[in-house]
Amino acid sequence: MLHYLQIENFAIVEQLKLHFNNGLTIISGETGAGKSILIDALGLVLGDRADSTVVRQGCETAEVSAVFTLPSPAFKWLQQQNLKSSHECQVRRVINYNGRSRGYINDQPVAVQILRHLGEYLIDIHGQHAHQSLLKSDIQRQLLDDTASSPSILEQVKQTYEHWKSLKTALDSLGGENRFDQIAFLRYQVQELEAFDLTTESLERLEKEHHRLTHAQKLLEHCEIALMLLDNDEGGATLSTLSKANHALEEVQQHDPKLDDIIALVENAIIQTQEAVGELRQYLHHLDIDPANLQEVQQQIATLQDLARKHHVRFNDLPAHFEKLSQQLTELENYEENANRLEAELTEALQAYRVATEALYQQRVQTAQQLAKQITTEMDKLGMSGGNLVIAVSADEEAPPTATGTDMVEFLVTTNPGHPPKSLQKVASGGELSRISLAIQVVTAQSNGVPILVFDEVDVGIGGGIAEIVGKSLNHLAQQRQVMCITHLPQVACQGHHHLQVNKTFNQKSTHTDIHLLDNQQRIEEIARMLGGVEITSQTLAHAQEMLQRSHQSAQ
């Protein structure tokens, strides 16, 4: 549930701090007071798109933060994302004046997509124009699937579809009718690269040889200096000096046994120096400083670099590129064998997909019957007596596979007994469509696992006794979920457990919106205002008080 919401410099809100409780929270206020700002702020902190217009005029940033108690799925998901969290979680969003934003979960920076995904576990917002989206076939199918008893069946369809799709892509990539042209072109590319020793090791050797030849003169000069210092009788050279030192120690070795180890070390140094001198002479003898060799290596490297540019790869990626082209050529040259194998696998994958979609179809048909019955019952409560909603599910095995199966799902409704049901698009009355939409939302909200439900003026076009029924439906829903409802209807407002009032104030420099929790007397006054009239009379107040008392009694 939502415990706390803080808004700073957001739209026309300078600063706002609100605490929330379980049950049904009513949000009311004059038209244009900014009631939807609360909903917009909730949407923003949970990943809705943001731009610079949400930042209060004259401010650098806007900030919205909220504290939630996480349901188990959300808590587990955060753990999977390596985000530290307890079951109480703080979510924060900061928007700069330039439109850029930053998101945080428990003060850990996160991408906006993470906020959005977390929001899917926490809150479901039903806007006043939600019925427009309900006209879409994809939304109707999703509502049906969301209420299904076994989500794993749809997941199985998705998995079998992805497997089928990957095999089809592999088969298509074999070339089909134009494979002969592809073979000719690939063969030309492979033969062009085959002329060179294209392995990772050979390219490394070539680069090392180029580096050595480039510095050959410097190698020669320094090695000759080292040889002169190691093996020259003049100037106190190392080998000569070591031999003289060894002779001097041997002359007195008999007088002190402690010299034995020192003499052994010197003799070992003489042996190693002699070996170094021999190796160095051998190295100098074979050192190649021929400029022609350097030019040849440079030409090889230049040729390979040209090839890399021609094939649009990096120099060091030529071996992998050559191997890839060779493999593609082999697969195309063995087209029949590979195609037969893939076609067999594709047929098997399609069969597995059809089995999964058949199970999904059966589940959808069963779920559709149950869901349609529940929605029809809710429609009856909302004053559409005799109305009936039917959810038609039709399987099309000839349709191309998709991740959601091949079924067509359509919500059909009749508002008059004896008339055939029609698609929602053909329902004439906007008021009827609004009530049908509300019935669908109330029923489906009970079946999904989202703990917070927000209804933003979904009761537009409803009044009188039906409005009271709408309020009772929301009150009943709030026994299981935390529900918020923006409304202009006093019949709905009096059914709330808590009541927030939105007020807009003006001065010469700016506009402010404030929201505060009403006590019982203030609720009576607010509901009296919602009942209408330029002047709130004692009779209006008494009516408002009676409505509140009746709603409390019916809730008990």
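FYI, it's all coordinate maths here, none of it is from the lab. Every value quoted in this text rests on a predicted model; they were computed, and no experiment measured them. Here Cβ is always computed from backbone atoms with ideal geometry, including for glycine, and neighbour counts include all displayed protein chains.
Defining a contact as two alpha carbons under 8 Å apart and six or more residues distant in sequence, what relative contact order in percent does segment 179-333 show?
Computed over segment 179-333, the figure is 40 percent.
How much length is gained if the chain between Gln15 and Gln159 is pulled fully straight, taking 0.36 nm per residue apart and subtracting their Cα-Cα distance, in nm to one decimal?
That works out to 47.1 nm of additional length.
Please work out how much length the chain gains when fully extended from Gln253 to Lys509, using 0.36 nm per residue of separation minus the C-alpha to C-alpha distance, in nm with one decimal.
Contour length minus Cα-Cα distance gives 81.7 nm.
Mind checking the dipole of segment 179-333: about its Cα centre, +1 per Lys or Arg Cβ, -1 per Asp or Glu Cβ, Debye to the nearest 20?
The dipole magnitude comes to about 800 debye.
I want to verify the translational diffusion coefficient of the chain in µm²/s; compute it with Stokes-Einstein, Rh as the Kirkwood radius over Cα pairs, at 20 °C and 1.002 mPa s.
The diffusion coefficient I find is 68 µm²/s.
Under 21 Å from the Cα of Lys84, which lysines turn up, not counting those fewer than eight places away in the same chain?
The reachable lysines, counting only those whose Cα sits under 21 Å from Lys84, are Lys76.
Restricting to Cα pairs below 8 Å that are 6+ residues apart, what does the relative contact order work out to for the chain? Please round to a whole percent.
Across the chain, relative contact order equals 22 percent.
To make sure I understand, if each residue's beta carbon is the centre and we count other beta carbons within 10 Å, what order do Val365, Val413 fall in, fewest to most?
Val365, Val413
What nm distance separates the two modelled labels at Gln295 and Glu343, each placed 7 Å from Cα along Cα→Cβ?
5.9 nm
Return P(r) of segment 404-556 (all Cα-Cα pairs; 5 Å bins starting at 0; whole %; ordered from short to long distances).
Once binned at 5 Å, the Cα pair distances of segment 404-556 give 2, 8, 15, 17, 17, 14, 11, 7, 6, 3, 1, 1, 0.
Exceeding 27 Å between C-alpha atoms, which entries from my cross-link table qualify? They are Lys35/Lys472; Lys165/Lys324; Lys381/Lys426; Lys381/Lys504.
Table pairs above 27 Å Cα-Cα are Lys381/Lys504.
Calculate the all-directions average of the projected area of segment 30-153's alpha-carbon convex hull, and give it in nm².
With the hull built on Cα positions only, its mean projection is 10.0 nm².
Kirkwood hydrodynamic radius, computed over distinct alpha-carbon pairs, for segment 259-376: how many Å, to one decimal?
23.4 Å
What is the set of long-range amide H partners of His499 at a cut-off below 5 Å, with H atoms built 1.01 Å from backbone N?
Excluding prolines and chain starts, which carry no amide H, the hits are Ile26, Leu518.
Could you check the spin-label model distance between Thr303 and Lys84? Points 7 Å from the Cα along Cα→Cβ, value in nm.
About 6.0 nm, to one decimal.
Express in nm, to one decimal, how much length is gained between Val365 and Thr53 on full extension, taking 0.36 nm for each residue of separation and deducting their alpha carbon distance.
Extending this stretch completely gives an extra 107.7 nm.
Given N residues in segment 466-531, what is Rg(Cα) / (2.2 N^0.38 Å)?
Expressed relative to 2.2 N^0.38 Å, the Cα Rg reads 1.28.
In nanometres, what is the gap between the two model label sites at His3 and Arg550, each 7 Å from Cα along Cα-to-Cβ?
Label at His3, label at Arg550, 3.9 nm between them.
At 20 °C and 1.002 mPa s, grab the translational diffusion coefficient of segment 179-333 from Stokes-Einstein with a Kirkwood Rh over Cα pairs, rounded to a whole number in µm² per second.
105 µm²/s
Might you report the magnitude of the Cβ-based charge dipole of the chain about its Cα centre, with Lys and Arg at +1 and Asp and Glu at -1, to the nearest 20 debye?
3860 debye
Which of Phe68, Phe322, Phe75 comes first, and how do the rest follow, when ranked by fewest Cβ neighbours within 10 Å?
Phe75, Phe322, Phe68
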